[in-house]
1. If you scan the stretch 38-66, which residues turn out to be of a type in the set (A, V, I, L, M, F, W, C), in contact with a strand residue (DSSP E or B) (Cβ under 7 Å, 6 or more places away or on another chain) and assigned to a strand (DSSP E or B)?
2. For the stretch 158-207, what are the residues that are buried (at least 22 other Cβ atoms within 10 Å of the Cβ), under 20 Å from residue 259 (Cβ atoms) and aromatic (Phe, Trp, Tyr)?
3. Do we find that residue 10 is modelled with pLDDT of 95 or more, aliphatic (A, V, I, L, M), buried (at least 19 other Cβ atoms within 10 Å of the Cβ) and farther than 20 Å from residue 225 by Cβ in this structure?
4. Looking at the stretch 96-136, which of the residues that are touching a Gly at 6+ places or on another chain (Cβ under 7 Å) and polar (S, T, N, Q) is farthest from residue 47 (Cα to Cα)?
5. Restricting the stretch 82-102 to residues that are surrounded by 18 or more Cβ atoms within 10 Å (Cβ to Cβ) and of a type in the set (Ser, Thr, Tyr), which is farthest from the chain's Cα centre (by Cα)?
6. Within the stretch 5-37, count every residue that is part of a strand (DSSP E or B) and of a type in the set (Lys, Arg).
7. Filter the stretch 140-167 down to the residues that are within 15 Å of residue 127 (Cα to Cα) and either of a type in the set (Lys, Arg) or assigned to a helix (DSSP H, G or I) (or both) and list them by number.
8. For the stretch 1-59, give me the residue count where each residue is hydrophobic (A, V, I, L, M, F, W, C), touching a Lys or Arg at 6+ places or on another chain (Cβ under 6 Å) and within 14 Å of residue 103 (Cα to Cα).
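The values are calculated or read from the model by the stated rules, or taken from the named source; none is laboratory data. Worth saying up front: this structure is predicted, and the values here are computed from it rather than measured. Cβ atoms come from the backbone with ideal geometry, glycine included; neighbour counts cover every protein chain shown.
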Amino acid sequence: MDYLKAKGRIFDIQRYSIHDGPGIRTIVFLKGCPLRCRWCCNPEGQHWDHEDMIVNGSPKHFGEDVTVEELIPRLMKDEFYYRRSGGGITLSGGECLMQPDFAPHLLHACHDLGYNTCIETTGHQKWEQIEKYLPYLDYVLMDIKHMDSEKHKKFTGVSTELIHENALKFAKSGVDLTIRVPVIPTFNNTPQEIRAIAEFAKTLPGVKKLHLLPYHRLGQGKYEGLGREYTLKEIEPMEKSYMEMLLREAKKSGLYCQIGG
């Protein structure tokens, strides 16, 4: 079938994930993202171009052009675990919505095999492109990073309007939608900011879950390997007790809230 010939660009495949959708999953990381979040832990996925990054003193290439037909056998290796756990395939990035002529076809092929499908997304894309994904999509993990558009733009490079509009459209589409909040010191880690995001999530039809993702600096070395500046290097991860306080604040919305996931 023609959709099996669709070609895209990936930069990694991660097996045996249990935090990126239900069950045991394989994550396919797609190249390209319209955001430039200061804390991004996958900077090698931001640019569409093929790139080399210094890893442990040696260059490592990031960027592989692959068709759906070529990729599917690699995903089928863990079919036993998908079926036993209710897991499947998650598309991440980068931003998987930036490859609308490839990613929906990959989801289509996964659905044909009976695999649960999920995307992790910023939601920053024209809705007419997002609609291509919906027929083959079971679960969406979507970031809502801030309610203040100017502050969001300062830290990510884009404003919030399109993202918030698409969150509502995702919710109305009937897809299983969970909201994620990367909690970043100096950006959105006050009780008021977290409560505002949770209250917005509460207004989205059918949304019942919100995940708070603690800040970490695991991607800092990647910036050095790419010759880029990591601008949050002075920021320390938050204490567990502080995250628990923010969790209590988020729960006031009435949503099911958790740290991580």
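1. 53, 62, 66
2. Result: 187, single match.
3. Here the answer is no, as residue 10 does not meet what is asked.
4. Top of the filtered list is 116.
5. My answer is 82.
6. 4
7. 161, 162, 163, 164, 165, 166, 167
8. 1
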